[in-house]
1. Only one of these conditions is not met by B:GLN61: (1) at pLDDT below 90; (2) more than 23 Å from B:PRO111 (Cβ to Cβ); (3) within 7 Å of another protein chain (Cβ to nearest Cβ). Which number is it?
2. Does the range B:255-268 contain any residue that is within 30 Å of B:GLY160 (Cβ to Cβ) and in a helix (DSSP H, G or I)?
3. Can you say whether A:VAL148 is surrounded by 23 or more Cβ atoms within 10 Å (Cβ to Cβ), within 14 Å of chain B (Cβ to nearest Cβ) and assigned to a helix (DSSP H, G or I), as far as the supplied structure shows?
4. Which ones in the range A:418-438 are in contact with a Ser or Thr (Cβ under 9 Å, 6 or more places away or on another chain) and in a helix (DSSP H, G or I)?
5. For the range A:300-325, what are the residues that are hydroxyl-bearing (Ser, Thr, Tyr) and either open to solvent by less than 10 Å² (accessible area, probe 1.4 Å) or not in a helix (DSSP H, G or I) (or both)?
6. Quick one: would you say B:VAL288 is β-branched (Val, Ile, Thr), open to solvent by 70 Å² or more (accessible area, probe 1.4 Å) and outside any loop (DSSP other than H, G, I, E, B)?
7. Scan the range A:15-42 for residues that are assigned to a helix (DSSP H, G or I), within 14 Å of chain B (Cβ to nearest Cβ) and among the hydroxyl-bearing types (Ser, Thr, Tyr) and jot them down.
8. Quick one: which helices (runs of 4 or more DSSP H) lie wholly within the range A:326-415 and hold at least 3 residues that are buried (at least 22 other Cβ atoms within 10 Å of the Cβ)?
Amino acid sequence: MFEVLGQGLLANLAPSMLLLVLIGTLSGMALGAMPGLSATMGVALLVPFTFAMDPTSGLVLLGAFYMGAIYGGSFTAILVNAPGTPSSIATALDGYPLTRKGRSEFAIVGATMGSFVGGIIGVIALIFLAPPLASFSLRFGPQEYFWVAIFGLTIIASLASGSLLKGLIGGLLGLLLATVGIAPVGGDVRFTFGEPMLQGGIPLVPALIGLFTIPEVIRLIALRTRDAQMVDETRQKDRLGGMLKEILSRPVNLIRSGVIGTIVGILPGAGGSVANLVAYNEAKRASKHPETFGEGEIDGVVASESANNGTVGGGFIPTLTLGVPGTPPDAIILGVLLLHGLRPGAELFTTSGPLVYTFIIALAVSAVMMVPVGLVAGRGLQRGVMALPVRYLAPGITVLTIIGAYAIRSSVVDVFIMLALGVAAYLLQRVGIGGASIVLGLVLGSIAETGLVQGILTSADAALPWTTFFTRPISLVLIAMSVLSVLWPFLQKRRAAKTAAAVNDKTANPVSQRPDTGEGD
Amino acid sequence: MKSRRMFASIVGTIAVALAATGCGGGEAGGGAAENFPQKRVEYILPFDAGGESDITARLQQEKLAEVLGQAVNISYKPGGGGALGWSELTRTAPDGYKFMGSNLPHIILQPMLRDDAGYETEDLKQVYIFQSTPNALLVPADSDIQNLEDFIAAAKEDPGAMSVGGSGDFTANHIGTLMLNDMAGIDVTYTPFSGTGTAVPALLGGHVDALMSYTPQISQLGDQVRAIAVATEERMPGLPDVPTFAEQGYDLVDGAYRGVSVPSETPDDIVQKLADAFEEVNQDPELVEAFEEQAFVLENYGPDEAVELTEERKAVYEDLLTRLELVP
């Protein structure tokens, strides 16, 4: 194995190959940064161009493009609160507040380093742990997917730091939206009100753009003053070295998020949209100062981006070893493999070793290239956007949102859905119900429903099919994690109250020991 | 380039709207077929990228462009198991420039079984059916079930308890399972997954007992699964070791047929021109070889034959589903 690994590495060091990876990464980034143009769509558009190349170069280009596209989604999430792909939902939660504080550069640097580390972790898992991880992923059946979705929903408890009730209302609204369209199991048509375009349900990307971006545009316009600034520019500019130091000083967050991304990526049917949210939640939970999340906490950006690039390598594990695509873009790349007569399976690594390892190493090279490209081009782009006065920025963003919502399915109905949800989200925000919990309900609602109904159908042999949801080992672990996740904010509050009380007791001593002097994780 | 394309399609939409309200000059006359096509054609798939339809369209794309003398652009309009795209197709301009992948039995069963699928089978004019993937019944490689006889015996032991997964509702996998239930007098529970991509891990992980899938999966999954029967009349050339349902005593021949459709008002000569193009593409040796490698079956149904096939399948399904009391 190490021999072919070395061959793969050598193949990647050829200048022509490096150039190919660079082109793939750059064009992927550019596409990912456009809201509405998903990595899946980009990879599909690129496939015909690779037919003219030899299989290795074609796959390398596709892989690098995919890696870059997932990373590119962070730009619009950070700069204009428009998650370019569902994989960057959590990036917007803290990335955009950082932008408003005038620290978008910091957020971009965080996203870049996160994407780099996450991408590398995914690739390492792909190289060394593919077979055992692939067979582990097979143990996830419908019941487990149901609990994964429930675990994801518990994030509402920690997202809604202000009011749990309002968070739950948002989550329920999202779940309600998720029931629109044809039932994922059974095929009944629900809540389409006679509009055939609604058969496909509320489309996720237009919903994301509407819920996150439109309220911001309205806010920008509502500022009234002609030369209103979007961001607070009174801050001093950060220095690159300082930013890198601060981000890299908490390696645990980087690595944990990358590992979460890799594991979620292995599960077909979950993927980047779930991974970034779970990693964000775990980062918040582990943080010494969870209250700063949502207000512009760099750890949140790092966690989300590290996780979503982790799904790239993770997703290829079942794709290459089992022939089961882990994420939607993997399905397209699997199709390309098949077209070239390459059958996935454990044998693929031996029979076509040089090709497979060249491809895998190219993913890693692409992750490495994101660092210089992101630190130079990404920061440049950020400066450009920040330099725009609001009177250009607001209409510019509006045009982008409309194109983005339209492009995903070339459908005007999607644009209307996006605008309607946007206005609703703006009004809901005024009463304290954030878009994030609605999105969570929308993303996870159909995963939960599918798991629930399939779990009951497939365990028709049990006396009481629903009991199988509580008897399987992995399900039990997920249930325990969900319960813990719901209770965590309360436990944390109690602990904080206790320490505060302890501090108060020592008021005689003016130099109180600060409880959080320990270094961050 | 992307934005130009987007701009073109926005302008196109406006033009269509104008034409619909009677403001446009009637340029699409009857004799337009002679020089059809004069611009790029749009090959739309009502499914996600990466599936069997996508792979097929990719194989055809280049050759189709050669034959038609115009570029072929592939795009996606997924949702509702294809229904979203097909209902949209009934509202597009019937000029032949936009055609959409269409599958049997989907376009028969969705309007039959859904209250409001957004289209009727007759609203789509099938241009050509170029390919099919027969159903195949798979079990995990380590299953006790060795052949169809074992499968049926196991199903009879505990009616309703055995679970068979497949891709989607109202699909060939779904109806194939119902047909097998009917023919063998068994009762297995069909569980739909969002696609072959999510159904396969459910089989490999033992979450379902068997999978009604399509023949390409047999070679794709290799020795991880055992194929106990394929729903073809004779054994497939690419899969000489896999027996048919028929030779094991059950006359089950069915699968998914892939073709393309246009809105029903499209002029016949334009339909014929497209059909001829697909027929020519279907004879390309490279494509024939790629189809065989993937265990796709090459089919050649022109516009009229496609309608005949559709009518014939419709009658079979209607009979079965009425007996099962599934038709609303």
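1. That leaves (1) as the condition not met.
2. No: zero hits.
3. Here the answer is yes, as A:VAL148 does meet what is asked.
4. A:MET418, A:LEU419, A:GLY422
5. A:SER304, A:SER306, A:THR311, A:THR319
6. No: the conditions fail for B:VAL288.
7. Across the range A:15-42, the qualifying residues are A:SER27, A:THR40.
8. Fully inside the range A:326-415 and qualifying: A:328-339, A:353-373, A:390-407.
The values are calculated or read from the model by the stated rules, or taken from the named source; none is laboratory data. Only a predicted model underlies this, so the values are computations on that prediction, with no experimental measurement involved. Positions of Cβ are backbone-derived with ideal geometry, glycine not excepted, and every protein chain shown enters the neighbour counts. We work out accessible area using only protein heavy atoms, side chains counted, and drop any ligands, DNA or RNA first. Shrake-Rupley method; radii C 1.70, N 1.55, O 1.52, S 1.80 Å.
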